[in-house]
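Step one of this worksheet: look at the structure below.
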């Protein structure tokens, strides 16, 4: 197995290399200190696992993940960082990371992460499990909204798009060349399919609250 370590702190890098070498047999480990050097290495050599810091001179670890995906370079990426940050966490997994560790994690957890990722099993630092729970909830919500919107007819979807723009039923009827009664029927069916309950403005409020989730399906 070949592992690439990308981190601009030589003392930390050397310590991590020594730790992995001592605990994982038959492991060849190379080191780089910048994101650009990591991409260069990965383009011309095959590494089973790549361990990336986020903060490096030039390209960050997240930038490297993006490049790996764009260039279709095959490796199993792990982020190892000091940043206990949910934004970085989600960005890393959105761009193909299989593991996310903190530099304060134990050596046991680092080795456990490598062994899991080696078998394509995602691994998250135990300190960051709440981030993972939030991510799972968000992904579940995305799927729920996707399924609901895809169940709408074209007329209902067009109505929902205009409701999201805060158009009144009269304005929607004029834009869609239908009666206001038809618009009210569309709105009623949309609310039922999206499980939205409440008064006349409830659907608009729901659209505002779920704007980021709705955008891909109503563009």
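Annotations
- Test result for residue 112, crowded, with 16+ Cβ neighbours inside 10 Å and in the same structural domain as residue 18 (by TED's automatic domain parsing): yes
- Any hit, the range 161-179, residues being surrounded by 14 or more Cβ atoms within 10 Å (Cβ to Cβ), touching a residue at least 60 places away in the same chain (Cβ under 8 Å), within 32 Å of the chain's Cα centre (by Cα) and part of a helix (DSSP H, G or I): no
- In the range 88-104, the residue that is surrounded by the most Cβ atoms within 10 Å (Cβ to Cβ) out of those that are under 17 Å from residue 19 (Cα atoms) and in contact with a strand residue (DSSP E or B) (Cβ under 8 Å, 6 or more places away or on another chain) is 101.
- Residue match in the range 132-142 (condition: closer than 21 Å to residue 202 by Cα and part of a helix (DSSP H, G or I)): yes
- Note on the range 6-32: residues that are under 19 Å from residue 117 (Cα atoms) and without any contact (Cβ under 8 Å) to a residue 12 or more places away in the chain amount to 3.
- Scanning the range 50-60 for residues that are in contact with a helix residue (DSSP H, G or I) (Cβ under 6 Å, 6 or more places away or on another chain) and within 22 Å of residue 119 (Cα to Cα) turns up 52, 53.
- Selection within the range 98-122 - outside any helix (DSSP H, G or I) and in contact (Cβ under 8 Å) with a residue 40 or more places away in the chain: 103, 120
The values are calculated or read from the model by the stated rules, or taken from the named source; none is laboratory data. Quick caveat, the model's predicted, so the values are computed rather than measured. Every residue, glycine as well, gets a Cβ built from its backbone with ideal geometry; the counts of neighbours run over all protein chains shown.
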